[in-house]
Amino acid sequence: MSHHTPVAKRHGDGKAAVGNVGRPPVAWAVPGILFFAVFAIFPLVIAVYLSFCEWDGLDSPAFTGLDNWTRLFKDSEFGQAAWLSLLLTTISWVFQTPVALLLGVWAAGRQRSRALLSAIFFIPLLLSTTAIAMLFRALLDPNFGVIQTIGPWLGIDPGVMGSSTGALLVVAFVGGWQFMPFHTLIYQGGARQIPEVLYQAASIDGAGMVRQFFHITLPQLRHTITTSSVLMIVGSLTYFDTVLIMTKGGPGTDTTILPYLMYRTGFQTYDLGYAAAIATALVFVATSISLIMVRLSGFGSMRSTREGM
Amino acid sequence: MAMAGLLVGCGSGGGGSDSGTITAYVYGDDAVKVQQTAVDTFNKTSKVKVKLVPVPGADYVNKLRSSMGSPNAPDVFFNWGGGSIKPYVDSDDLVDLTSTVENDATLKDGFIPSIMTAGGLEGKVYGVPMRGMQPVMLFYNKALFAKHKIEPPKTWEDLQASIKVFKAAGITPFALGGSDKWPELMWMEYLLDRIGGPEVFKRIQDGDTEGWGDPAVLKTARTVKELVDAGAFGKNFNSVDYGSGAAPTLLSKGKAAMHLMGSWEYSTQLGKAPEFAEKDLGWTAFPTVAGGVGDPANVVGNPTNYWSVNARTKHKDTAVAFLKTMASKTYAQALVDNGDVPTTSNAASMLSGSPNPQFATDQYEMVQKAPSFTLSWDQALEAQYATPLLTEISKLFAGKTTPEQFVEAMKAAR
């Protein structure tokens, strides 16, 4: 915290001389702030309040103090769900980031047929999650899906959706299949921003493709990696529809990740107070992770790593 | 507090209906046309009109739940009886129909008694039967049994023998949509009823979670484990689902020999594989289990669906008058024509007009002769117990927990 304050102040002082000339007045932000308050802050406050209540959705919520929270910390199912969520998030990140990064850098280039291939590759992004989940559900049906034919050939058991690790990996894979194009798009944008002169200079110095990638592209994409990772991690933490449609949290509770546990508790068990506690915990974890990542990567200080900027 | 009051407090206000109409929520599926006809007929003579609101199936429970807490609550609504209405009974939202039924011959004698009671709670009546019966039956592929020269199982030994025969032939003995969880529940329900009798679950349903500690429950869980280990459901049942039609297709394509399912399996097959349904689909009762104390004639499943009346309605008399029409011969006939088997006491004679008289008659007799009809556990229990139950059963079938752990988990469910 402390070392940021002077930075902010210096910026403030510097800009103060120029004044607010040409800058829109604060009033312009009012609609945005209002929307944010009504649709984000207000529901969040209610959720936090409900997490201290017992409520079945019919009578008025009854205030029960810390009951839900003490239960949360003792609940082994919550512990398992939190662990599965982290596992899914990690698998998703490890699986998606390298592929999206490489594809994005490739797509930023000027090769022939690149535009066509990119367009094809972005198709999953246009489909709804429900459609994708149902599609994979059908493909992976152990008796009637294509998995029956190509599974053994690839060394995959046709009953992969029914095994505990298999089900989680399938969920991670389907999520990756759907969202990788989005992250590729981010990396493509990032890679196109890298000044051409850097590569020209490197070429003159005799650096090859691989060296250029590791010494120019990767460092220059630092902030892009942070942005993409935060989106990816928060996205995986709140991953829900695919689980609901493909596995319903099963087999057993092996894919019952936090958002699904919250859904089950809130809208199947009608224990809305406890569900609110799970939701609040999830918001807290997701916010913390994104803040930590932004901090660690230096994104918060907004230093430019770009030449002449 | 004030904020939450704003959200839900207003629910105790008005009755949710205009002066001249009452609203009736119904589960929105193909059978709605039967109810719509009944409403149209009723509205011709009634001053207060009934407005039928079909709610798409998957949304029904949630939509009902949220509207019952709001000023727009329905006056009359469809339900499954038992635990599905317990929260509304607890918050005094329902009209107690016990004395109404008692003092009205049409309602009192109009329905099969075991069905009228199955939908109630603690001996009180909160609903009037309004759709067909849905007992769980053992369906089988006649062609496969003929080919392997065996008879559909009547006893547990028969069942075990048939598992061996079909496994050896590379056929899954029983189709099971394990990914949906509730089809697994049907095995638990029947086994516990055969092994320990209906009283064991009755005790649990009445709120005693220690009832899960009954030795019959453990034996049931062990039997399930034996079945799974013996390969009764094949290897992939955890990823087979019922909803998308995978499990019924296993039966109709001859990849599985049997399927324990609600009586709607018949119409499902008729829709998906009509040729199979007409030629090779057989049905029978759940086998007897040696050493069990339950009557082999007992049935589990959904006795029927019920109409309940919101205590806040402004037109209770109209609502009750409408409910009475459910006992009429015209209504029962409309159900029969739709392929359902009505739960009215006069239904037997109409069944010859059913699309499949043999199936309808067998079903009706099975239910009529049953000393007890246990409501599906996930409907009989309140949602707060039903959801963990389905989860624990899924873990038991998937081999994630032992039968002993299952019993402990259910005793501890809050």
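The values are calculated or read from the model by the stated rules, or taken from the named source; none is laboratory data. None of the values given here were measured: they were computed from a predicted structure. So basically every Cβ, Gly included, is an ideal-geometry build from the backbone, and we count neighbours across all protein chains shown. The area values use the complete protein model at the heavy-atom level, side chains included, leaving out ligands, DNA and RNA. Shrake-Rupley method; radii C 1.70, N 1.55, O 1.52, S 1.80 Å.
General remarks:
- The set of residues in region B:187-202 that are of a type outside the set (Asp, Glu) and either open to solvent by less than 10 Å² (accessible area, probe 1.4 Å) or under 18 Å from B:Ala409 (Cβ atoms) (or both) comprises B:Trp187, B:Met188, B:Tyr190, B:Leu191, B:Leu192, B:Arg194, B:Gly197, B:Val200, B:Phe201.
- Identity of the residue in region A:238-264, part of a helix (DSSP H, G or I) and either facing chain B (nearest Cβ under 8 Å) or open to solvent by 20 Å² or more (accessible area, probe 1.4 Å) (or both), that ends up farthest from B:Asp59 (Cα to Cα): A:Met262
- The helices (runs of 4 or more DSSP H) located wholly in region B:63-150 that include 2 or more residues which are away from every other protein chain (no Cβ under 14 Å) occupy B:98-102, B:105-110, B:113-118, B:142-147.
- Residue match in region A:28-37 (condition: in contact (Cβ under 8 Å) with a residue 60 or more places away in the chain and away from every other protein chain (no Cβ under 13 Å)): no
- Looking only at region A:80-90, residues that are open to solvent by 40 Å² or more (accessible area, probe 1.4 Å) and not β-branched (Val, Ile, Thr) come to 4 in all.
- Residue ID - nearest to the other protein chains (Cβ to nearest Cβ), chosen from residues in region B:206-243 that are over 20 Å from B:Phe397 (Cα atoms) and open to solvent by 50 Å² or more (accessible area, probe 1.4 Å): B:Gly207
- Scanning region A:265-274 for residues that are part of a helix (DSSP H, G or I) and either of a type outside the set (Val, Ile, Thr) or more than 10 Å from chain B (Cβ to nearest Cβ) (or both) yields A:Gly266, A:Phe267, A:Leu272, A:Gly273, A:Tyr274.
- Restricted to region B:352-398, the set of helices (runs of 4 or more DSSP H) holding at least 1 residues that are hydroxyl-bearing (Ser, Thr, Tyr) comprises B:357-369, B:383-397.
- Scanning region A:146-169 for residues being more than 9 Å from every other protein chain (Cβ to nearest Cβ), open to solvent by less than 20 Å² (accessible area, probe 1.4 Å) and in contact (Cβ under 8 Å) with a residue 12 or more places away in the chain gives a total of 2.
- Residue ranges of strands (runs of 3 or more DSSP E) in region B:263-335 with at least 3 members surrounded by fewer than 24 Cβ atoms within 10 Å (Cβ to Cβ) and in contact (Cβ under 8 Å) with a residue 40 or more places away in the chain: B:281-284
- Any hit, region B:180-188, residues being over 21 Å from A:Asp141 (Cβ atoms), assigned to a helix (DSSP H, G or I) and in contact with a Pro (Cβ under 9 Å, 6 or more places away or on another chain): no
- The lone criterion from (1) part of a helix (DSSP H, G or I); (2) of a type in the set (A, V, I, L, M); (3) more than 21 Å from B:Ala383 (Cα to Cα) left unmet by B:Val53 is number (1).
- Filtered residue count, region A:112-122, keeping only those that are open to solvent by 80 Å² or more (accessible area, probe 1.4 Å) and part of a loop (DSSP other than H, G, I, E, B): 1
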